[in-house]
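Below you'll find the structure, written out as structure tokens, and then a few comments.
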Amino acid sequence: MLSIRNLKASIEGNHILKGINLEIHPGEVHAIMGPNGSGKSTLAHILAGKEGYIVEDGEVIFEGKNLLELAPEERAREGVFLAFQYPIEIPGVSNTTFLKTALNEIRKHRGLSELDAMDFLTLVRKRMKLVDMDPSLLGRPVNEGFSGGEKKRNEILQMAVLEPRLAILDETDSGLDIDALKTVANGVNSLKNKDNATLVVTHYQRLLDYLVPDYVHVLFDGRIVESGDKTLALELERKGYDWIKTKAGDSK
Amino acid sequence: MGKDREHIDSLTQKEYEYGFITDIEMDMAPKGLNEDIIRFISAKKDEPDSMLRWRLKAYRYWLNMKEPTWAFVTYPPIDYQNIYYYAAPKKKEGPKSLDEVDPEILATFDKLGIPLEEREALAGVAVDAVMDSVSVATTFRKKLQELGIIFLPISEAIREHPDLIKKYLGSVVPPTDNFFAALNSAVFTDGTFVYVPKGIRCPMELSTYFRINAANTGQFERTLIVADEGSYVSYLEGCTAPMRDENQLHAAVVELIALDGAEIKYSTVQNWYAGDKNGKGGIYNFVTKRGVCHNHSKISWAQVETGSAITWKYPSLILRGDNSAGEFHSVALTNNRQQADTGTKMVHLGKNTRSTIISKGISAGYSNNSYRGLVKIGPGADNAKNYSQCDSLLIGDRCGAHTFPYLEVDNPTANVEHEATTSKISEDQLFYCNQRGIGTEEAIGVIINGYAREVFKRLPMEFAVEAQKLLTVSLEGSVG
Ligand SMILES: Nc1ncnc2c1ncn2[C@@H]1O[C@H](COP(=O)(O)OP(=O)(O)OP(=O)(O)O)[C@@H](O)[C@H]1O
Ligand SMILES: [Mg+2]
């Protein structure tokens, strides 16, 4: 589904990604861990098509398409979804309007008819239960004045409505309380099927207790320096990143 | 970042959609302004002598006035002797129905997407179509007549209702009020007169479509609306003009009078030619709009301003009567090299008077958009209340937004609140929308319509839809 080959990228002259290789197949859950500033969000942004980054080398193939050549909205319509580490506020635009516009753009792209207001509301109400979101948030401006946890839930609600092929969750767990973490993780789990995949960026094992990864990768200084199964996350939790740093240093 | 920048630029540099020129034989007065021209206009309109004297008085006053320079706009000096002050489509008699209207004119409305036939059918809207300076079609007049409502081209009203004209014309905006009002009083050629009798609720929205059509023809509209005691009327004004190279001057005057217990809603969608993206051409729009509220009456202004190269316009209200209320809801959008200096004046004179000002400026391209507002609480205005909210939204970083709020309070019981915000459509917001599948063009549309929603809510339904489209068109590729 997604192949990242030797991806090197910089921002404002700083080399951040220094040769990423990653292969994701349908039905898989991958977790990316790694110290602050190692390039996790950078990778997520580049996959989503955020401006300002310069790709210096490598390629990204998504469903047979050269992802880096597509505009951000085209990637989204093709099924790439990014749950933002810091969701953006859009004053004046209601959550409903925003989400309905997004869904209908994506449906148009997929050759489906646009949903009218009624059908849309029925769908959203159903999806809201999945993340146990307060219905009053629907009528409010996108993320404006939302608490940290509400913003994160809203990201997952959007994911649940838009049904992406590849969902990239950038630290969706940060800001969620213990119960919310469970709810949201279960929500993501219930959206899982054999045709879609999830790439989850996190610092903590507790999310992975619920959202069990097939693979765990450690991103350090712009490279994936270690990959393993879910036990790698437990090891990191126990030992921290020092041993990774040493190992990475040795291999240089 | 560069790509988004370019994208925003390409969106904001859309060509004017409605640029075309209708070919109708014009009946023109020679260029320039002098007493003979005013006599010519007055004679053409078959006006009573008193009207001619009124015009001449205004003209003589105007001769000694100076063009105002305080607004935050710049433009080359206007040569008032290089303008035609009278132009009329040639015709034998006023048409009695649409069948009699010049097909050319109907075609013009067609191109604008506002065919009269359709409008007629739409939700009981009566249309008094003004083509250049002479009315070409008046519909629904009969139905209105049954209720005693007068809805006439002002030149007809001057002939047929001299008493009402004498009593109210110039009573809110006297000819001496300002430079452009004096000029208008001297040379206005047409416009609309509305009178709603006591206790009558006008059952339909009244609307007029203006078009400026003859090259170098200044357009001097005059609108007078009188709502008698306990009556109600909603009036819509909308306009668009053909593409032009030379600047066209427009100096309209609108006067509203709400007598005791009456209510007037006045809505405008203004989309005149704004000039090309380098600022060449476009309409100079110097408008004086003012209303007077008597006891327990209410006047609301709602405007969506997207056109004109220069806009100088402050729909104002004098809350003379006790317990009267005034509202001003405005969206002003400027793009490319457009300049807008617009706002309102709320003058509280009566007790328990209330006013609300909601102003939403949107600037894009290299444009400049200023809000200028005055809230004045007179010494007799006990317990007067005003709430003002002035927001500015910037698209790109080469445009300007300015706010000039003035406040004069001469009564200690007044309660005045002012809020102002400036925001920008950020690249992060656009990326967020993009990431959800919404293209940049559509994203800007969604954000802008959200931002201006409070004002759209105040417009009559069919106008709100049109206005929403206009904003999107003014910034995006195409309608719909
Ligand atoms: N505009 C920029 N200019 C210079 N450096 C930048 C810019 N944006 C990001 N960086 C740097 O890129 C590096 C990677 O940042 P990124 O946000 O990808 O880290 P991360 O792995 O997501 O960290 P965290 O765990 O804290 O979220 C950081 O050192 C950051 O300071
Ligand atoms: Mg990060």
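For this structure, a couple of remarks:
- When the stretch A:26-36 is filtered for residues that are open to solvent by 10 Å² or more (accessible area, probe 1.4 Å), under 16 Å from the mean Cα position of the chain (by Cα) and either within 13 Å of ligand 1 (Cβ to nearest atom) or closer than 24 Å to residue A:235 by Cβ (or both), only A:28 remains.
- Scan of the stretch B:314-338 for residues that are surrounded by fewer than 24 Cβ atoms within 10 Å (Cβ to Cβ) and more than 23 Å from residue B:377 (Cα to Cα), ordered by number: B:336, B:337
- Listed by first and then second residue, the pairs linking a residue in the stretch B:432-459 that is facing chain A (nearest Cβ under 9 Å) and within 27 Å of residue A:68 (Cα to Cα) to a residue that is open to solvent by 10 Å² or more (accessible area, probe 1.4 Å) and basic (Lys, Arg), with Cβ atoms under 6 Å apart and 6 or more places separating them unless they lie on different chains, are B:437/A:77.
- Under the condition of being modelled with pLDDT under 90 and either within 15 Å of residue A:50 (Cβ to Cβ) or in the same structural domain as residue B:354 (by TED's automatic domain parsing) (or both), the residues counted in the stretch B:426-444 number 3.
- Qualifying residue in the stretch A:20-36 (condition: away from ligand 2 (no atom under 16 Å from the Cβ) and either in contact with a helix residue (DSSP H, G or I) (Cβ under 8 Å, 6 or more places away or on another chain) or under 22 Å from residue A:142 (Cβ atoms) (or both)): no
- Qualifying residue in the stretch A:121-135 (condition: in contact with a strand residue (DSSP E or B) (Cβ under 6 Å, 6 or more places away or on another chain) and more than 16 Å from ligand 2 (Cβ to nearest atom)): no
- Any hit, the stretch A:72-81, residues being more than 10 Å from chain B (Cβ to nearest Cβ), outside any helix (DSSP H, G or I), hydrophobic (A, V, I, L, M, F, W, C) and closer than 23 Å to residue A:202 by Cβ: no
- Odd one out for residue B:474 among (1) open to solvent by less than 20 Å² (accessible area, probe 1.4 Å); (2) more than 30 Å from residue B:353 (Cα to Cα): (1)
- If the condition is being within 11 Å of ligand 2 (Cβ to nearest atom), open to solvent by less than 10 Å² (accessible area, probe 1.4 Å) and within 14 Å of chain B (Cβ to nearest Cβ), then the stretch A:37-52 contributes only A:44.
- For the stretch A:82-96, taking the residues that are more than 18 Å from residue A:169 (Cα to Cα) and more than 10 Å from chain B (Cβ to nearest Cβ), the one that is least open to solvent (accessible area, probe 1.4 Å) is identified as A:95.
- Of the residues making up the stretch A:189-217, those that are over 14 Å from the mean Cα position of the chain (by Cα), over 23 Å from residue A:177 (Cβ atoms) and either surrounded by 15 or more Cβ atoms within 10 Å (Cβ to Cβ) or among the basic types (Lys, Arg) (or both) number 5.
- Options A:68, A:99; residue that is at the interface with another protein chain (Cβ under 10 Å from one of its Cβ atoms) and out of contact with any Lys or Arg (no Cβ under 7 Å at 6 or more places or on another chain): A:99
- Output for the stretch A:173-201, where each listed residue is within 16 Å of ligand 1 (Cβ to nearest atom) and either farther than 20 Å from residue A:27 by Cβ or in a helix (DSSP H, G or I) (or both): A:173, A:174, A:175, A:176
- Here residue A:11 meets each of (1) within 16 Å of ligand 2 (Cβ to nearest atom); (2) buried (at least 22 other Cβ atoms within 10 Å of the Cβ) with one exception, condition (2).
- Residue match in the stretch A:61-80 (condition: touching a residue at least 40 places away in the same chain (Cβ under 8 Å) and surrounded by fewer than 16 Cβ atoms within 10 Å (Cβ to Cβ)): yes
The values are calculated or read from the model by the stated rules, or taken from the named source; none is laboratory data. All of these numbers come straight from a predicted model, not from anything done at the bench. So basically every Cβ, Gly included, is an ideal-geometry build from the backbone, and we count neighbours across all protein chains shown. Only protein heavy atoms, including side chains, enter the accessible area calculation; ligands, DNA and RNA are left aside. Shrake-Rupley method; radii C 1.70, N 1.55, O 1.52, S 1.80 Å.
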